[in-house]
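Asker: There's a structure below that I have some questions on.
What follows is calculated from the coordinates using simple rules that are stated; it is not laboratory data. The model shown is predicted, which means the values in this text are computed figures rather than measured ones. Cβ placement follows ideal geometry from the backbone for every residue including glycine, while neighbour counts extend to all protein chains displayed.
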Amino acid sequence: MTLRKILISTLASIFVAWATVAVAQQVAIGKSYEDGKAAEISAARLRLATRPAVTGMQELNEAEGLLRQLKTTAEASSRRKIAAELDLAVTRLDIVANDPTGR
């Protein structure tokens, strides 16, 4: 297998695992979760400021938008769904922010 196929299959496996955990998550998504994700987004924003990436701003905007949406949503099932999307968005943001090629 080529490196690209291995990378894609690995990322797909990680995505499925995270989505499964997020769907199974039955605890309330509270303020500490929101604060933790806000800190992760801020750290990625700093990394992007020192090493800008082409897709970095798109991923940053998506993660920040999902965080705002999570903070304004009250229903537990909706919060879990948004939290799962936010986890994936933050993961993509971290990947882009840590990409040494700046793509």
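Asker: At 0.36 nm per residue, minus the direct Cα-Cα distance, what do R45 and T72 gain on full extension? Give it in nm, one decimal, please.
Answerer: 7.5 nm
Asker: Let me ask something else about it. Please give me the summed charge of the neighbours of A44: other residues whose Cβ is under 12 Å from its Cβ, Lys and Arg +1, Asp and Glu -1.
Answerer: Its environment carries a net charge of -1.
Asker: Considering only DSSP states other than H, G, I, E and B, which GluC sites (Glu not before Pro) in region 44-86 qualify as loop sites with at most 15 other Cβ atoms within 10 Å?
Answerer: Those that pass, being in a loop and sparsely packed, are E75.
Asker: Using the Karplus curve 6.51 cos²θ - 1.76 cosθ + 1.60 with θ = phi - 60°, work out ³J(HN,Hα) for each residue of region 57-62 in order, rounded to whole Hz, and write x for Gly and Pro.
Answerer: 3J(HN,Hα) across region 57-62, in whole Hz: 5, 5, 5, 5, 4, 5.
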